[in-house]
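Here's the structure, in structure tokens; my notes come after.
Readers should treat all values here as calculations from the given coordinates under stated rules, not as data from a laboratory. Keep in mind it's a predicted model, so treat the numbers as computed, not measured. Neighbour counts run over all protein chains shown; Cβ positions are idealised from the backbone, glycine included.
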Amino acid sequence: MIPHRTTHHSLAGLRTTLRRLAHHLRLPVETRSRLTLAVTQVAAGELDAGRMVVLDAGPEAANGSGAMLSVRLQTPLAPRQPSLTGLPLPAQRMPGCAAVWRVPLQSSPAEGSAPAVSDLLEEELSDALTRLDALGRDHQRLHHELAETNSGVLALYVQLEERDEQLRRAHGRMLRQLEDALRPPPVEVAGLEMAVHYEPAEKDAPTGGDLYDWFLLPDGTAHITVVDALGHGLASTRSALNVTHAVRTLALEGHPVESIVARTDEILSTVDREVMATVQLVRLDPATGELLIANGSHPPALLVREDGTTRLLEVRGRGIGFPLPGSERLLRERLAPGDLLVLYTDGLTESRRDPREGEIRLQEVARRHRALPIADIPGAIAAEMRTVILHPDDTVALTVRRVR
């Protein structure tokens, strides 16, 4: 192939030259279409303005990668260089040229006369339609594959949701079994009625740091422990269990009630250095109604007399893990037949903005529900107290009523 230079004053002539040159050099039909369209897009501004363009085409060595066709477009009269962005066949800008295209030459030139331009156009249109049909088939295939993939993903998602639900139910059953094991049923003793309501901060994790324990001592008195360990979840449950077990051991060994909070802290300081918990200890003689209360930083017990009068039984003290732990004194009181004792954790009263407001409201609520069956009282109190919850927290409400 010898260098080919032509001067053009119209787009039609430029297109004809490019198509015949590309056909002669056996360029692929798609390459021919892209080259023709790219060159005419760059030259269109000049030709529309009545200025000529010059087309140079010739072979060019390509560093061992085979022969290359170099197509150079010159716009000698252009006031500025044309844009080369967005062309169907990318071009480069070289000194003295508006644009340069380099196309690989893969075969020897064609023999014989050039076909009519209309035949070349029809060939390019047929090639474009063929490629468009292929793209359509690819699109349909991809659409079908995507639909199958989506169907598979949806089925997998449904299976995962079902599996998650099964795991959630199994997890809930396991935690409820653990909760039942950790929370003993009320003590059955003549002269006393007992009931409890427990509500976890998180419904899916019904364990926390609010625990209670109640049992009969050898002398026939009932012992009740209420613990609120710092934190949530299983870690706080472990701390609360350590406290209740230590208290039970000390109580059964016969230690005075007023000494047990401090002794519990002393014992746990060697095995659970992280524990911090409030604790309330209650001793109640079913026969006489004598009531003893020791406290370590825990909310005060509430006494509701049969006639509806109420009193908070406050005992100063510091809890397990606090500085100078222990109950400062032992409160003594007496429950008459029909009197109700309410023990609780701070989740019951601190669900409201002001804990003192919560304690006042608790007295009103407990007074209203004092005559209900004992099994219904703790839940009724908790339901009315927690109509407004500013922050979630574990809640224990425990009631004891002396009966005739």
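Table for the structure above
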| quantity | calculated |
| --- | --- |
| Intensity falloff of the range 121-160 expressed as log10 I(q)/I(0), Debye formula with alpha-carbon point scatterers, at q = 0.19, 0.29, 0.34, 0.35 Å⁻¹ | -0.61, -0.85, -0.95, -0.97 |
| Inter-centroid distance (Cα atoms) of the range 220-255 relative to the range 271-312, Å | 13 |
| Reported label for calculated mean projected area of the Cα convex hull in nm² given (1) 31.7; (2) 37.9; (3) 40.2 | (2) |
| Whole-Hz ³J(HN,Hα) from phi, Karplus 6.51 cos²θ - 1.76 cosθ + 1.60, for the range 52-57, glycine and proline x | 7, 10, 10, 10, 10, 9 |
| Ascending count of other beta-carbon atoms within 10 Å, so fewest first, for 132, 341 | 132, 341 |
| Equivalent ellipsoid dimensions for the range 4-114 as semi-axes, Å, which come from the Cα gyration tensor, largest first | 23, 16, 12 |
| Loop-located GluC sites (Glu not before Pro) in the range 23-127 whose Cβ has at most 11 other Cβ within 10 Å (DSSP) | 111 |
| Compactness of the range 145-265 as Cα Rg over 2.2 N^0.38 Å, two decimals | 1.61 |
| Long-range HN-HN contacts of residue 210 with modeled amide H, under 5 Å | 229 |
| Sorted by Cβ density within 10 Å, fewest first, the residues 194, 68, 94 | 94, 68, 194 |
| Inter-probe distance in nm under a simple model that places probes 7 Å from Cα toward Cβ, at residue 108 and residue 360 | 11.0 |
| Furthest towards positive pole of dipole, 154, 166, 118, structure part the range 116-182, Cβ charges | 166 |
| Placed amide H near residue 192: partners under 5 Å, 5+ positions off or other chain | 403 |
| The chain: DSSP helices with Cα axial extent of at least 18 Å and average Kyte-Doolittle hydropathy no lower than 0.5 | 233-252 |
| Mean separation of Cα contacts under 8 Å, 6 or more apart, over the residue count of the chain: relative contact order % | 12 |
| Per-residue Cβ neighbour rank within 10 angstrom, fewest leading, 17, 345, 249 | 249, 17, 345 |
| Gyration tensor verdict on the range 183-402 (Cα atoms; rounded if a/c is under 1.5, prolate if a/b is larger than b/c, oblate otherwise) | oblate |
